[in-house]
1. Tally up the residues in the range 97-108 that are touching a residue at least 24 places away in the same chain (Cβ under 8 Å) and over 16 Å from Ser36 (Cβ atoms), please.
2. I want to confirm something. Restricting to the range 27-68 and keeping residues that are touching an Asp or Glu at 6+ places or on another chain (Cβ under 7 Å) and at pLDDT below 95, which single residue is surrounded by the fewest Cβ atoms within 10 Å (Cβ to Cβ)?
3. Across the range 91-113, what is the number of residues that are of a type in the set (A, V, I, L, M), buried (at least 17 other Cβ atoms within 10 Å of the Cβ) and modelled with pLDDT of 95 or more?
Amino acid sequence: MQEQIMIKNSVIILLVGGLALSACATKRYGRMQPLSEVEKQNYTCREIAIEISKVESFQKQITDGTKTNTKSIAGVIGDLGIGNTQEKHAARRTANDRLKELQALNAGKNCAA
């Protein structure tokens, strides 16, 4: 009887510990901020091009970050990969939003493509 209780407690501790560790395994991609009014007013065509390049680089990092590694595996074990998927989509959404703003600003300032 005592052994069964110890085994049960050990299993519970392992499960809770595994879930806690897998929560730390969710990848973090970061976020891109929308353009501020100051940026919209003051960016030159050159600065807009640089910012577009930064967004494209960020998008590439997201794509490269989705490749399978130990964090991906741990994240899938812990939350079926839902956390990683949500994080990736949120990062992509902010990057796409900023890119659209920059492209509109680029067109509005009649910058060369």
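The values are calculated or read from the model by the stated rules, or taken from the named source; none is laboratory data. Keep in mind the model is a prediction, meaning the values are calculated, not measured. As a convention, Cβ positions derive from the backbone with ideal geometry for all residues, glycine included, and neighbour counts pool all protein chains shown.
1. Result for the range 97-108: 2.
2. So the residue we want is Arg28.
3. Matching residues across the range 91-113 total 4.
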